[in-house]
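To start, the structure under review is shown below, and the notes come after it.
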Amino acid sequence: MPGETMNPATAVHWGRFVQAAFDQYVSDPGQANPSSIKNMPAGYTLVRTIQKSDLPGSGQARVFCGFVATGGDPKTAVVALRGNATYTEWYEELRWDLVPFTQVSGGGKVAQGFLDIYNTLGTMTPGQQESTPQPGALAADLAQAAADGLDPGALPMVVCGHSIGSALATLLVADVTVNAALKPQAWTFASPKVGDAAFAARYGGLSTVSWRIYNQVDVVPYFPVDTADNYQPVTAGYAINSLGTAKWTLGCAHALNTYLHVLSPATVPLNPACS
């Protein structure tokens, strides 16, 4: 972004929340509403968990896909959305028909798979037994969760994600920025292209900090691909390259751990499987 510099240490800080969301799901896939988040950075309080349904309309159970936490100095609301962990979730990235993003006026078109999942997102507080998605209400719901009794306009918000979580984070940032009092930052890792040129332009015109971090040897940020080149990435991305640092496989090039290690090798050990 013109006039701004991406801080790798800041990226790693927010990336740790996304890694915590992924670790939480992998440790207990059947728990949609955990009472605490494994490996969540210290100094933050869990205020909501986030659920989704895969393959909307198919009767799929609700699954944990992220959380909202508040803390830090200055106090910040962090929304973290995990990356893919199942074949079903990977399948969602292959549903590439462009459909209108109606949550935002002039929002262009986005991938149907991403939007279908986005429309199932709902939140839970500790002790709730179910999460009912309310399409069109997510932005207001998260703004209320983030505020935690404070003036929503005065509380910074960061939305971060990896892989399909990055696509959902991009939609969420656009939705919240237009439809709530918050002006969230976006920090995404390995995001696929989310929508068409109209969506990318609308997103780029929003008043927010947004960093799309991608590994040049990771295939996911280059998808979806269509013959008419309709899909366009949002923002000017920040490129990293894991060649020479991590073993090249599809999984290692795409792994969030690889991204964070390349950004800060001194503080994030590389997964031995990718060394």
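The values are calculated or read from the model by the stated rules, or taken from the named source; none is laboratory data. Predicted model only: the values in this text are computed from it and were never measured. So basically every Cβ, Gly included, is an ideal-geometry build from the backbone, and we count neighbours across all protein chains shown.
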Discussion item. Here is a list: Ala32, Ala21. Which entry is within 19 Å of Leu142 (Cβ to Cβ), out of contact with any helix residue (DSSP H, G or I) (no Cβ under 7 Å at 6 or more places or on another chain) and assigned to a loop (DSSP other than H, G, I, E, B)?
Written reply: Ala32
Practice prompt. Show the residue pairs that are 6+ apart or on different chains and have beta-carbon atoms under 7 Å apart, the first residue being within the range 251-275 and under 13 Å from Trp14 (Cα atoms), the second being of a type in the set (Phe, Trp, Tyr) and at pLDDT 95 or above.
Written response: Leu256/Phe22; Leu256/Phe189; Tyr259/Phe189
Item to complete: Looking only at the range 192-215, count how many residues are over 17 Å from Val12 (Cβ atoms), part of a loop (DSSP other than H, G, I, E, B) and in contact (Cβ under 8 Å) with a residue 40 or more places away in the chain.
Response: 3
Worksheet item: Hey, does the range 226-244 have a residue that's under 19 Å from Val78 (Cα atoms) and either modelled with pLDDT of 95 or more or not hydroxyl-bearing (Ser, Thr, Tyr) (or both)?
Response: no
Worksheet entry | Scan of the range 216-275 for residues that are hydrophobic (A, V, I, L, M, F, W, C), assigned to a loop (DSSP other than H, G, I, E, B), more than 17 Å from the chain's Cα centre (by Cα) and farther than 28 Å from Phe101 by Cα, ordered by number | Val217, Leu243, Ala246, Trp248, Ala266, Val268, Leu270
Worksheet item: Do you know which of the residues in the range 164-218 that are of a type in the set (S, T, N, Q) and farther than 21 Å from Asn7 by Cα is surrounded by the fewest Cβ atoms within 10 Å (Cβ to Cβ)?
Response: Asn179
Worksheet item: Going by the structure shown, is Ala69 more than 18 Å from the chain's Cα centre (by Cα), modelled with pLDDT of 90 or more and over 22 Å from Pro221 (Cα atoms)?
Response: no
Worksheet item: Looking at this structure, is Val173 assigned to a loop (DSSP other than H, G, I, E, B) and either under 25 Å from Asp97 (Cα atoms) or touching a Lys or Arg at 6+ places or on another chain (Cβ under 7 Å) (or both)?
Response: no
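Of everything in the range 102-114, what is farther than 13 Å from Ala197 by Cβ, in contact with a strand residue (DSSP E or B) (Cβ under 9 Å, 6 or more places away or on another chain) and touching a residue at least 60 places away in the same chain (Cβ under 8 Å)? Give them in sequence order.
Ala111, Phe114
Matching residues to (1) modelled with pLDDT of 80 or more; (2) within 15 Å of the chain's Cα centre (by Cα); (3) within 28 Å of Val26 (Cβ to Cβ); (4) part of a loop (DSSP other than H, G, I, E, B):
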position: Glu89; (1), (2), (3), (4): no, yes, yes, no
position: Thr102; (1), (2), (3), (4): yes, no, no, yes
position: Ser105; (1), (2), (3), (4): yes, no, no, yes
position: Gln128; (1), (2), (3), (4): no, no, yes, yes
position: Ser131; (1), (2), (3), (4): no, no, yes, yes
position: Ala140; (1), (2), (3), (4): no, no, no, no
position: Gln144; (1), (2), (3), (4): no, no, no, no
position: Leu150; (1), (2), (3), (4): no, no, no, yes
Response to the item:
By residue number, the members of the range 39-63 that are assigned to a loop (DSSP other than H, G, I, E, B) and modelled with pLDDT of 90 or more are Asn39, Met40, Pro41, Ala42, Gly43
Worksheet item: Hey, among the residues in the range 247-274 that are touching a helix residue (DSSP H, G or I) at 6+ places or on another chain (Cβ under 9 Å) and of a type in the set (Gly, Ala, Ser), which one's surrounded by the most Cβ atoms within 10 Å (Cβ to Cβ)?
Response: Ala255
Discussion item. For the list (1) touching a Pro at 6+ places or on another chain (Cβ under 8 Å); (2) modelled with pLDDT under 85; (3) over 23 Å from Cys65 (Cα atoms), I need the number of the one condition that Ala200 fails.
Written reply: (2)
